[in-house]
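The values are calculated or read from the model by the stated rules, or taken from the named source; none is laboratory data. Please read all numbers here as calculations on a predicted model, not as lab measurements. Glycine also receives a Cβ, built like all others from the backbone with ideal geometry; neighbour counts cover every protein chain displayed.
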Amino acid sequence: MPTYCIYVYFTWSLNLLKNLFIETIGCQMNTRDSEIMLQLLEQNGYSLSADLASADAVIVNTCSIRGKAEQKAYSFIGSLRRQKEENPDLIIAVAGCVAQQEGEKMRVRMPHVDIILGPQSIYQLPDLFLQVAAARKGIISTSQSTDFTIPSFLPDLKHGLPHKRFVTIMQGCNNYCTYCIVPYTRGREVSRRRSDILAEVQHLVASGVREITLLGQNVNSYGNDQPREERTSFPDLLRQVAAVSGLVRLRFTTSNPKDLSPALMTCFQDLAILCHHFHLPVQSGSNAVLAKMNRHYTVEQYLAQVDGLRQACPDISLTTDIIVGFPGETAADFQATMDLMEKVRYDSAFSFKYSSRPPAKSCDFEDTVSDEEKAQRLAIFQNRQKEITEERHQEMVGQSLEVMIEGISKMGQGQWSGRSSHNLIVNFHSPATYSPGDLERVTITESCFNSLRAELTQKENVKND
Ligand code: SAH
Ligand code: SF4
Ligand code: F3S
């Protein structure tokens, strides 16, 4: 083809591509769902754009875990009203947990939205786009089925860091912790077929991915919804994924402590590629509060699990989630959370003020803690956790460990940034050139709050982590 024709062909084909802007709020499940929606729309004539003003379509993937997240979603969706008035051809789709929860109510409140779709409907998005274009009226697709099967889907690697990916292994949650909206927004637990998960991991690894994080709201219940003859437990799934040749690091999130089995702890001894990090949300250090939260474990059982994990993997990094100000939480209950945190010494923690989320059961409990008191407890918890995080990082100075390179650090040329097996950011100087996913051994020289500073480990000093 002559150069002129190639130019015309390219200009023509580029003109055909429509701009898609995606706003994602919420957890890793939403991040992964946004990636899937992007890939599906890219196969249907859209191209990702960072410019909202010139978008032909906008997806807002929403989270409703706390009141603030829902407000954030509504305020972003509301801000699109004027753009829709100026450009009636703009397609606005709202996905995720607020969409699932609100459905018709959202349509009434935000009539400029074209598509409202729940997490089970993301695979139908191209179809929903076609329907909207043809019918020019709003569509709601939020049905939830217990027979839902997560379709086989082979991801591409067009966006994001090339060496690491999330793989969803299950959707939904059956636990009904009394404060939590997830069982209502994501529905009953549905495990993905083991063969599909392995096929996706093999495909990703063959495409150059070196690190996989398996995702689910409670990965330890993986397989519980499958027929007994076909059932694979989560530890068995981990072993099978870890056996995929070429995979270098394996992670998972997240786990309810009530389902953490000895078989999973053993995986930390047996699987060399399983990263030394466990996110184990405790929520509270008071047995009375844990019972009211419907968490099905006690502080004593939780501490025994922490011991078990540290025996299986002495340098394991433990992180958690905490809620302060749950209805009925007394000053003594809160102190019990502080005591637990001193015992465990988490590497880091996510902490939140309790937020009432209808129809979650705790909305019927009397909210006895004032907002001021919640804010005070949160600040006390966060300040102490910050100190412990700094102390934990300080303890790492002098240690030699392996980092997986992510790229050049913000510090510029010759400065590299990577992550340790514990998932900590490690920055170091090196004259070498790396690609994302390469491994390098470094010695920690300095601790900063959100990251560690390191230098290349001298080869004669190389020891195991
Ligand atoms: N499936 C995960 C939790 C996902 S939600 C698990 O069971 O560990 C992430 C965190 O949000 C929870 O661990 C909890 O700490 C917090 N959270 C959930 N509902 C909340 C609410 N109503 N108010 C405040 N924080 C909440
Ligand atoms: Fe929510 Fe509890 Fe399920 Fe986690 S385990 S998603 S906190 S109901
Ligand atoms: Fe939020 Fe839904 Fe995830 S409520 S935390 S986006 S499962």
Give the range 250-279 a look and list any residue that's touching a strand residue (DSSP E or B) at 6+ places or on another chain (Cβ under 6 Å) and aliphatic (A, V, I, L, M), or say none. LEU250, ILE273, LEU274
Among the numbered conditions (1) free of Cβ contacts under 8 Å to residues at least 12 places away in the same chain; (2) polar (S, T, N, Q); (3) not assigned by TED's automatic domain parsing to the domain that holds PHE449, tell me where GLN413 comes up short. (3)
Just to be sure before I move on: is ASN224 more than 26 Å from GLU406 (Cα to Cα), surrounded by fewer than 20 Cβ atoms within 10 Å (Cβ to Cβ), more than 20 Å from the chain's Cα centre (by Cα) and within 15 Å of ligand 2 (Cβ to nearest atom) in the structure I sent? yes
Output the number of residues of the range 233-257 satisfying the condition of being touching a residue at least 40 places away in the same chain (Cβ under 8 Å) and among the aliphatic types (A, V, I, L, M). 5
Restricting the first residue to the range 49-64 and requiring it to be away from ligand 3 (no atom under 16 Å from the Cβ), which pairs with a second residue that is in a helix (DSSP H, G or I) and at pLDDT below 95 meet a Cβ separation below 6 Å and a spacing of at least six or different chains? none
ALA375 being out of contact with any Phe, Trp or Tyr (no Cβ under 7 Å at 6 or more places or on another chain), at pLDDT 95 or above and over 28 Å from VAL426 (Cα atoms): yes
Picked from the range 164-186 (must be part of a loop (DSSP other than H, G, I, E, B) and surrounded by 21 or more Cβ atoms within 10 Å (Cβ to Cβ)), the residue farthest from ligand 2 (Cβ to nearest atom) is ILE169
The condition of being away from ligand 3 (no atom under 16 Å from the Cβ), small (Gly, Ala, Ser) and over 23 Å from the mean Cα position of the chain (by Cα) holds, among SER286, SER233, only for SER286
Just checking: which of the strands (runs of 3 or more DSSP E) contained wholly in the range 31-113 hold 3 or more residues that are within 24 Å of the chain's Cα centre (by Cα), of a type in the set (A, V, I, L, M, F, W, C) and in the same structural domain as GLN124 (by TED's automatic domain parsing)? 57-62, 91-95
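One line per residue, one yes/no per condition, for (1) more than 16 Å from ligand 2 (Cβ to nearest atom); (2) part of a helix (DSSP H, G or I); (3) surrounded by 17 or more Cβ atoms within 10 Å (Cβ to Cβ):
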{"residue": "PRO358", "(1), (2), (3)": "no, no, no"}
{"residue": "VAL369", "(1), (2), (3)": "yes, no, yes"}
{"residue": "GLU373", "(1), (2), (3)": "yes, yes, no"}
{"residue": "PHE381", "(1), (2), (3)": "yes, yes, yes"}
{"residue": "ILE388", "(1), (2), (3)": "yes, yes, yes"}
{"residue": "ARG392", "(1), (2), (3)": "yes, yes, yes"}
{"residue": "VAL397", "(1), (2), (3)": "yes, no, no"}
{"residue": "GLU406", "(1), (2), (3)": "yes, no, yes"}
With the requirement that a residue be in contact with a helix residue (DSSP H, G or I) (Cβ under 7 Å, 6 or more places away or on another chain) and surrounded by 15 or more Cβ atoms within 10 Å (Cβ to Cβ), what does the range 153-163 give you? PHE153, PRO155
From the residues in the range 240-260 that are in contact with a helix residue (DSSP H, G or I) (Cβ under 7 Å, 6 or more places away or on another chain) and of a type in the set (Gly, Ala, Ser), which one is farthest from ligand 2 (Cβ to nearest atom)? GLY246
Within the range 79-91, does at least one residue satisfy the condition of being within 14 Å of ligand 3 (Cβ to nearest atom) and in contact (Cβ under 8 Å) with a residue 24 or more places away in the chain? no
crowded, with 20+ Cβ neighbours inside 10 Å and at pLDDT 95 or above, is that true of LEU318? yes
